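Below is one structure, written out as structure tokens, with a few remarks after it.
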Amino acid sequence: MKNILIIYPHWPPSNLAGVHRARLISNFLHDFDWHPIILTVKPEYYEEKPDWEIVKIVNPKTEVVYTDAKSIRKPRIIGDIGLRAFKYLKKEALNIINKRKIDFIWIPIPSFYTALLGRILHEKTGLAYGIDYIDPWVRNISNRKNLRAILSNIAARILEPYAIKKASLISGVSEEYYLPAINRNFKAQKPVDISMPYGFDPNDYKIKIDKLQFPWKDDEDCKALVYAGAFLPLSGYFTELLFQSIRKLRDENKLDNKIKLFFIGTGNYTHKSITDYAKENRIENIVIEIRERFSYLEILNFLSNAYGIMVIGSTEKHYTASKIFQSLLSERPVFSIFHQESSAVQILKESNAEQYTVVYDKTMDKNKFEETIKQTFYNFTEQKIKWLPNLKSLDKYSAKDSAKKLVQAIEEAI
């Protein structure tokens, strides 16, 4: 069995979304004769509140090696754990490589700075490495003019070429996240590349949390519609039109008065908020936003017990919405808005689950688009159309299938 060293500074009990990229892939690597060794940082150095429940959904065969990091100081100058742990991760990686036979190094990003370790370790040991793009490193920041975003993007343009130039493999959750990086930095011989979604582990959905408090616990008669996850800046246009549609449905007495919308775990963002959009449309009494993060297993349980689920995508076509899998697997009706070229639209169609999906085409008249949202949302709240998704069709998007694709690409690369 070959050994793959996966360097990712967050690991359960960290509840950050990126943790599940490394976890889901590593859960299935043994099925393809690769043994994962996770190099990560000790939980006491994480900023986020630990979620010990998700330790239960790590494959016990996965080997985990922990290292130190610099603690957060006040004032908080350096928060990124990839920077705080960089020298410790480098030292321990070299220690592992010297003591064990490692066949490949794989580094999901962000944290973006850990990508530099791939190049450094390659130069020192000759080992082949791959970088996995959970998000683009060089990004469009036209909607974020703050100094931090500007400096971060400048750093990305300087550091990315060095980090990936000697990579044997570039992977990512979407081609659109990494192909621009390949085209920018490789003129002749290009690395092997592969895209594979986060996917899902069906075992995650078997774990129930006892005595779980639901966000709608004080109003058990309500029909809870749940949006779970970060609220992105480029989701604002869809949210605005959705809330306008809801206001019109209320004005026309077409909205069930038991309906309430719960936006949970939306995060500490600085752009216009869910609450702002709700107030502008006078529906703040039925829209509840809870920004604090909930644990991954809490979210799965919330979704499974909701009246319906909302997934609001982005006006960018490359937005993949990995949350579509957990939404579908909750077996509750899903209302969604996506760019017509988003991979999520194809997934919904293949699984016969697009009954309440609105597809965005930038050439569409705004009023017509809003009317489509309004009618689709009304059908969704009334559940006018039978919801009978074919979940078997999701198998090719599973984390096991993603692990298989990654292994095939690695073996081609080396």
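Here, each number is a calculation from the coordinates, and none is a lab measurement. If you're wondering where the values come from, they're calculated on a predicted model, not measured in any experiment. Reconstructed Cβ throughout: ideal geometry from the backbone, glycine too, with neighbour counts over all protein chains shown.
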Kirkwood hydrodynamic radius (Cα pairs, Å) of the chain?
-> 22.5
Using R₀ = 45 Å, calculate the FRET efficiency as 1/(1 + (r/R₀)^6) where r is the Cβ-Cβ separation of Asn59 and Ile150; round to 0.05.
-> 0.65
The chain: relative contact order as a whole-number percent, Cα under 8 Å and 6+ apart | 15
Calculated FRET value between Lys165 and Asn257, using beta carbons and R₀ = 45 Å, to 0.05 = 0.15
Dipole moment magnitude, nearest 20 debye, the chain about Cα centre, only Lys, Arg, Asp, Glu C-beta charged = 1200
Paramagnetic reach from Lys392 in region 335-370 [backbone N under 11 Å; point 7 Å along Cα→Cβ] = none
Relative contact order computed over region 241-360 (Cα-Cα under 8 Å; 6+ residues apart), in percent | 19
The alpha-carbon pair-distance distribution computed for region 232-340, with 5 angstrom bins and whole-percent values, is 2, 11, 20, 24, 23, 15, 4, 0
Give the dimensionless ratio obtained when the Cα radius of gyration of region 74-226 is divided by 2.2 N^0.38 Å.
-> 1.34
Label zone at Asn203 (point 7 Å along Cα-to-Cβ), backbone N below 13 Å, region 95-110 = none
Relative pair counts by distance (%), Cα atoms of region 268-414, 5 Å bins = 2, 8, 14, 18, 21, 17, 10, 5, 3, 2, 1, 0
When the distances between all Cα atoms of region 50-92 are binned every 5 Å from zero, what whole-number percent does each bin get?
-> 5, 18, 18, 17, 20, 15, 5, 2, 0
With R₀ set to 41 angstrom, the calculated FRET efficiency between the beta-carbons of Phe186 and Lys211, to the nearest 0.05, is 0.15
Under a cut-off of 18 Å between alpha-carbon atoms, report the aspartates and glutamates in cross-link reach of Lys260, not counting same-chain residues fewer than 8 places apart.
-> Asp218, Asp219, Glu220, Asp221, Glu240, Asp251, Glu252, Asp276, Glu280, Glu284, Glu289, Glu382
For region 4-71, one quarter of the surface area of the C-alpha convex hull, expressed in nm², comes to 4.2
Cα-derived Rg over Rh, computed across region 60-118 with Rh taken as Kirkwood radius = 1.02
